[in-house]
Amino acid sequence: MPTQEKITYCGICEGQCGIVVTVQDGKAVKVRPDESSPLSKGFACPKGIAYPSIAADPDRVVEPLKRLPSGSLVQVSWDDALDDIADRLRTIIDRDGGDSVGLFGGHALLDNYSGFFWDAGMCAALGSPHNYTSSSVDINNYWVVGSMLYGHPLINPIPDIDRTDFLLVFGANPLISHSSMLTAPRARDHFTGVVRRGGRVVVIDPRRSETAAAFDWLPIRADEDVLLMASLLQTIFADGLADQDALERQTTDGRRFIRDMVGGHTPESTEHRTGIPAATVRALAREFATTPRAAAYGRCGISLGSAGTLAKYLMDALNIVTGNLDRVGGYVFGEEFVDLQLITHLAGAATYDTWRTRVDGFPEVLGTAPAVSMAREITTPGKGQLKALIVNAGNPAMSVPGSGELGRALQQLELLVVLDVQQTETAGYADYVLPGVLGIERDCLPWLNSGHTIKPFALWADKAVEPPPGCREEWWVVDQICARLGLVPSPFPLIRELGETGLRLTPQQTFDLFLRISPRGDLFGRRPDGWNREKAWQNPQGVILEDELPTDVLHQKLYTPDKRVHLEQPKMRDELVRHTARPVNGDLPLRLVSVRELRTCNTYLLNVEKLMTGDRRQRLRINPVDAEAAGISGGDMVTIRSAEGEIEVEALVSEEMAAGNIGLPQGWGHNGGWRLANAAGGANYNLLTTSAAETHDQLSGNGHVNGVDTAVSVVRPLAPLVETLHEVGR
Ligand SMILES: Nc1nc2c(c(=O)[nH]1)N[C@H]1C(S)=C(S)[C@@H](COP(=O)(O)OP(=O)(O)OC[C@H]3O[C@@H](n4cnc5c(=O)[nH]c(N)nc54)[C@H](O)[C@@H]3O)O[C@H]1N2
Ligand SMILES: Nc1nc2c(c(=O)[nH]1)N[C@H]1C(S)=C(S)[C@@H](COP(=O)(O)OP(=O)(O)OC[C@H]3O[C@@H](n4cnc5c(=O)[nH]c(N)nc54)[C@H](O)[C@@H]3O)O[C@H]1N2
Ligand code: SF4
Ligand SMILES: [Mo]
């Protein structure tokens, strides 16, 4: 067969880098960055380039596998697997109801619109509240703030990065993560662009991350950002620097509310918690408020903290109070290519807190429940107890706080089906492991992130290569199970009703329809220069629709009935009171934060030989002052202890951590069916985190993994061991 080159994009992270896949004999043999991609312009990171190795991984699951009573997995046919799964689900549903079956959708559904919506659709068709996603250990608090402030969960303004002069970054590391909730392939160029134009980027982080090192680092004690933000706002109001005109124009009665809420939080009152001197806070507040074009941006450093909703709220308040919302170089509204804001709004799916979870009483977010509750939903008897779970493109047994408890709970399920490309730790508990397909093997649409792209951007690309013959697209698997149960999997009632009349739309048909009725759509020919799926697939590198994001569009963008930002949120005031009263844990004095690495994605990619070259080990970063206090030297094996458990890892003594904080890469310590990942060693970070409901972000149920109270002690000092070896050597 001749060699072919296919253009698509990489959906491993939110970078959306354009890639060219060389296909030979039906297999991807090479990937290179696509020079013609208008946003990534010839950039891709090592993960995207490694796609052929990911696809050809010797441990890849390529046929359906069924667990035998002996515990081993055997290959079965798709029909046998699907029939048996549907039969077992039918028994459970008949006995306990549709609300005893659930799904968990993982991070690898990021570019997989079909998989994500078929998951949500199956839950909706079952009438089940057990719709869990990795977003609830990531970003659900952002949706909550969208709902409260802007009237729609999916509204998340982004910094106008190419025109701003001052960017305040709270807990994000875009130089490694390639930016999240701000789609900017070539993130480094856009962030450094601020400085090149004479502006400033200040990075607030307990770790001198790669991004902090490249700009101005302001160290903070982990999980105390809300107090810093409150003090920044307090200073801005006290110094008369709030933009009263913008507050009057853009918000509903928020001015007095927010001023009163932060009133007591002077920089002097918070410095002992944040570790940031009052004078530094005042100077920062003044600089932020007086720079004409400024924006605050933040990610996992705040959203994975214990009060992520409040942090996101206060960060948005900083942008709003300084008049930067909806202004050039400030904090601006993106544009979705497929207008899911409109579609979910019309379908009544843009919800928050319309119901509460059974055991923990967390509010639903966009119809989903928090993953931290999953273990208790499985183990707590009663109507609605979770009995069967389908895990799609996620590895919750490692990624969810309190993985130890969740692992035990997963074993109690009557049925666990895992749809993955690897035998993960979660798959280790599964009755069936079904082989999904990779991003280059399906058509991809950045359904979640197109609204956060730095420019309005059209992107939907066809698959580059056929999947291995035994693998199936995730939506198809869910669809087949549903068909056997007589269900039409769609979160949209109208589409379910259509399906029940016999007209079952495929994901491509559904999203073609959504695109065509979106503002950029072709309205079925009525707008001849508009977009549909076919036109998008003819432009797989993507097309920039406008050179800049619009400003002064608040009234068009908001979904609040009065078209104003609803800053007045009494729940936020209560959260600030709660957080301010948080006791300091003297027994566990060090705050643990997660470290993301360039060549892994969350809990996977440690099985890819190409990405494991060099000296790759999991090491705990600890400041020399804390190391000395605990008698730790570099290379020692140390125990990290939290209220939940303990793990052993190797120490790396480094000034990259601000004293009082320690940093550990997550996603290590494997024991699944991926041999290289297992051999990489390390320990699972989430054995230290807890699923206990009260420790997580109360307003969203989002998991708390950053800023966990810990203590560290030496298990096995390296130095005597080295001396002994030297002795033996002599
Ligand atoms: N301690 C700690 N915990 C964290 C975080 C942290 O920073 N620290 N981060 C949190 C965040 S931000 C997130 S998003 C979550 C992620 O949580 P998860 O989504 O549960 O974890 P991932 O490792 O991303 O799991 C993705 C899985 O999908 C599989 N996969 C990859 N591509 C495909 C595909 O195309 N199809 C299918 N079917 N499977 C595929 C991979 O093999 C992997 O098993 O973890 C959260 N947990
Ligand atoms: N290479 C790579 N890229 C990825 C991923 C990956 O695993 N590897 N995962 C993808 C996913 S799922 C996501 S969600 C994004 C995440 O994208 P980012 O959020 O940009 O990435 P993180 O590395 O989680 O960055 C969080 C930063 O916050 C800091 N931090 C931790 N605790 C605190 C705190 O309490 N306060 C403050 N101010 N800072 C804190 C950490 O030290 C870290 O530097 O990355 C995506 N891209
Ligand atoms: S930066 Fe993200 S999107 Fe780009 S190639 Fe790497 S993993 Fe893929
Ligand atoms: Mo994430």
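For this structure, a couple of remarks:
- The listed residue being within 16 Å of ligand 2 (Cβ to nearest atom) and modelled with pLDDT of 95 or more, out of Leu82, Leu109: Leu109
- Residues in the range 478-498 that are farther than 18 Å from Ile92 by Cβ and either crowded, with 19+ Cβ neighbours inside 10 Å or touching a helix residue (DSSP H, G or I) at 6+ places or on another chain (Cβ under 7 Å) (or both): Asp479, Val488, Ser490, Pro491, Phe492, Ile495, Arg496.
- Condition broken by Pro153, with the remaining ones in (1) part of a loop (DSSP other than H, G, I, E, B); (2) buried (at least 24 other Cβ atoms within 10 Å of the Cβ); (3) within 16 Å of ligand 2 (Cβ to nearest atom) satisfied: (3)
- Across the range 574-596, the number of residues qualifying as more than 19 Å from Ala658 (Cα to Cα) and open to solvent by less than 70 Å² (accessible area, probe 1.4 Å) comes to 5.
- Residue check, Glu609 more than 16 Å from ligand 2 (Cβ to nearest atom) and either buried (at least 20 other Cβ atoms within 10 Å of the Cβ) or within 17 Å of Ala677 (Cβ to Cβ) (or both): yes
- In the range 117-138, the residues that are within 16 Å of ligand 4 (Cβ to nearest atom) and either among the hydroxyl-bearing types (Ser, Thr, Tyr) or surrounded by fewer than 24 Cβ atoms within 10 Å (Cβ to Cβ) (or both): Tyr132, Thr133, Ser134, Ser135, Ser136, Asp138
- Selection of the range 426-445 for residues being among the charged types (D, E, K, R) and either within 16 Å of ligand 2 (Cβ to nearest atom) or surrounded by fewer than 24 Cβ atoms within 10 Å (Cβ to Cβ) (or both) yields Asp431, Glu441, Asp443.
- In the range 162-196, residue farthest from Ile220 (Cα to Cα) [restricted to those that are β-branched (Val, Ile, Thr), in contact (Cβ under 8 Å) with a residue 60 or more places away in the chain and buried (at least 23 other Cβ atoms within 10 Å of the Cβ)]: Thr183
- Within this structure, Thr211 passes the test of being within 16 Å of ligand 3 (Cβ to nearest atom), in contact (Cβ under 8 Å) with a residue 24 or more places away in the chain and open to solvent by less than 10 Å² (accessible area, probe 1.4 Å).
- When residues in the range 429-475 are screened for being in contact with a Cys (Cβ under 8 Å, 6 or more places away or on another chain), assigned to a loop (DSSP other than H, G, I, E, B), under 26 Å from Ala397 (Cβ atoms) and in contact (Cβ under 8 Å) with a residue 40 or more places away in the chain, 1 of them pass.
- Residues within the range 629-649 that are closer than 23 Å to Ala212 by Cβ and not in a loop (DSSP other than H, G, I, E, B), tallied: 2
- Filter result (farther than 13 Å from Tyr331 by Cβ, over 27 Å from the mean Cα position of the chain (by Cα) and assigned to a helix (DSSP H, G or I)) within the range 274-300: Ala278, Ala279, Thr280, Val281, Arg282, Ala283, Leu284, Ala285, Arg286, Glu287, Ala289, Thr290
The values are calculated or read from the model by the stated rules, or taken from the named source; none is laboratory data. Remember, it's a predicted structure, so these values are computed and weren't measured experimentally. Reconstructed Cβ throughout: ideal geometry from the backbone, glycine too, with neighbour counts over all protein chains shown. With ligands, DNA and RNA removed, areas are computed over all heavy atoms of the protein, side chains included. Shrake-Rupley method; radii C 1.70, N 1.55, O 1.52, S 1.80 Å.
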